[in-house]
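Novice: Take this structure, written in structure tokens, and hold onto it; I'll ask about it next.
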Amino acid sequence: MSAESTDRSIELDRPSCQPLDGRTCLVTGGSRGIGRGIARELGQYGATVVVNYRSSESAAYEVADAITDADTAGTGHVIHADVTDRAEVDAMRDGVRDTLGPIDVLVNNAGITCDRTFDDMTADDWHRAIDVSLHGTFNCTRAFYDDFTGAEYGRIINISSVIGKQGNVGQANYAAAKSGLFGFTRSLALELASASSGVTVNCVAPGFTATEMVEAIPDDVQNELRGEIPLDRFANVDEVAGLVRYLASDAAGYITGEVIDINGGFDL
Ligand code: NDP
């Protein structure tokens with residue numbers, strides 16, 4: 001084995017700056033829930049974070065202000081766009097580019113449920129779930145794609161779900177959208193890898209996580225679901241956010257095209 005390929009150094013370097021210092025990150029649906037946790041986490045580790053929202057404007061400003069006010073290098077910014085609307089997403093891209101330049105990290109987090117068993121599922125139910133998670137991810141990735149091609153560093157992180165792997169009663173639309181993200185992630189990882197060895201694309205597939213999306217599930221169903229999770233609890237937002245922050249860091253530069261589960265053993 002050559003000397004270059006083996007690091008035998010035992011000297012420990014103390015990091016001189018925060019791991020995401022100088023990185024500009026956009027989190028879609030950063031106003032609430034998992035997206036809010038991700039935005040805060042990235043900001044806490046030094047990033048400039050753009051918090052996208054659709055309807056929760058004041059919540060988005062609270063997240064951005066908390067990032068800016070915290071005792072870190074990170075700063076928060078707010079931008080509106082409905083990710084299902086190409087024109088709004090393109091305007092969001094132009095707004096971000098004019099103020100902050102190209103982004104380094106895109107977190108495609110925005111998602112909704114529109115649950116109904118297939119007997120009762122309308123075309124509208126189907127399209128609503130797929131429009132936000134899948135088409136929204138396409139729209140945002142399309143809009144910011146040029147920021148990643150040939151960049152020395154870049155991260156696209158798509159938030160899927162354990163339901164994309166497992167399926168679930170009443171969630172055929174949501175499961176289709178979330179499993180669609182798996183193939184999208186792998187294909188884009190390959191395409192971007194051929195343009196730059198510093199740009200990675202990964203997917204995070206959380207299990208049930210304590211947010212308003214899960215609070216909307218009736219209590220008895222929540223209890224049943226909890227009983228099926230080996231770790232016997234829902235994830236908290238910070239646990240999912242910590243994984244996204246790791247994937248955004250330099251340390252994760254050799255992980256690409258992966259779907260990373262974080263579900264308390266739910267799929268075992
Ligand atoms: P919440 O319902 O708590 O928050 C959803 C977020 O998405 C809000 O910030 C909302 O913004 C935003 N959003 C929804 N539609 C749009 C849109 N069209 N354009 C822009 N933003 C939009 O959901 P969670 O935090 O629970 O979920 C976040 C992601 O994690 C989703 O993709 C979800 O599928 C996924 N996930 C969640 C799990 C869970 O158990 N909670 C488990 C696995 C995956 P606003 O309020 O401004 O409209």
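Novice: Of (1) open to solvent by 20 Å² or more (accessible area, probe 1.4 Å); (2) within 13 Å of the ligand (Cβ to nearest atom); (3) in contact with a Cys (Cβ under 9 Å, 6 or more places away or on another chain), residue 186 satisfies all except one. Which?
Specialist: Against the list (1) open to solvent by 20 Å² or more (accessible area, probe 1.4 Å); (2) within 13 Å of the ligand (Cβ to nearest atom); (3) in contact with a Cys (Cβ under 9 Å, 6 or more places away or on another chain), residue 186 comes up short only on (2).
Novice: How many residues are open to solvent by 10 Å² or more (accessible area, probe 1.4 Å) and either within 16 Å of the ligand (Cβ to nearest atom) or part of a loop (DSSP other than H, G, I, E, B) (or both) if we restrict to the range 189-205?
Specialist: The total comes to 3.
Novice: Is it fair to say residue 149 is under 20 Å from residue 195 (Cα atoms), open to solvent by 10 Å² or more (accessible area, probe 1.4 Å) and of a type in the set (S, T, N, Q)?
Specialist: For residue 149, the condition - under 20 Å from residue 195 (Cα atoms), open to solvent by 10 Å² or more (accessible area, probe 1.4 Å) and of a type in the set (S, T, N, Q) - is met.
Novice: Does at least one position in the range 217-235 carry a residue that is under 16 Å from the mean Cα position of the chain (by Cα) and part of a helix (DSSP H, G or I)?
Specialist: no
Novice: Identify the single condition in (1) modelled with pLDDT of 95 or more; (2) within 11 Å of the ligand (Cβ to nearest atom) that residue 257 does not satisfy, given that it satisfies every other one.
Specialist: (2)
Novice: Please identify the pairs in which a residue from the range 49-68 that is open to solvent by 10 Å² or more (accessible area, probe 1.4 Å) has its Cβ atom under 6 Å from the Cβ atom of a residue that is in a helix (DSSP H, G or I) and within 12 Å of the ligand (Cβ to nearest atom), counting only partners at least 6 apart or on another chain.
Specialist: So the pair list comes out as 53/60.
The values are calculated or read from the model by the stated rules, or taken from the named source; none is laboratory data. From a predicted model like this one, the values you see are computed outputs, not experimental measurements. Quick reminder, even Gly has a Cβ in these numbers, built from the backbone with ideal geometry, and neighbours come from all protein chains shown. Surface areas here come from the heavy atoms of the whole protein model, side chains and all, with no ligands, DNA or RNA. Shrake-Rupley method; radii C 1.70, N 1.55, O 1.52, S 1.80 Å.
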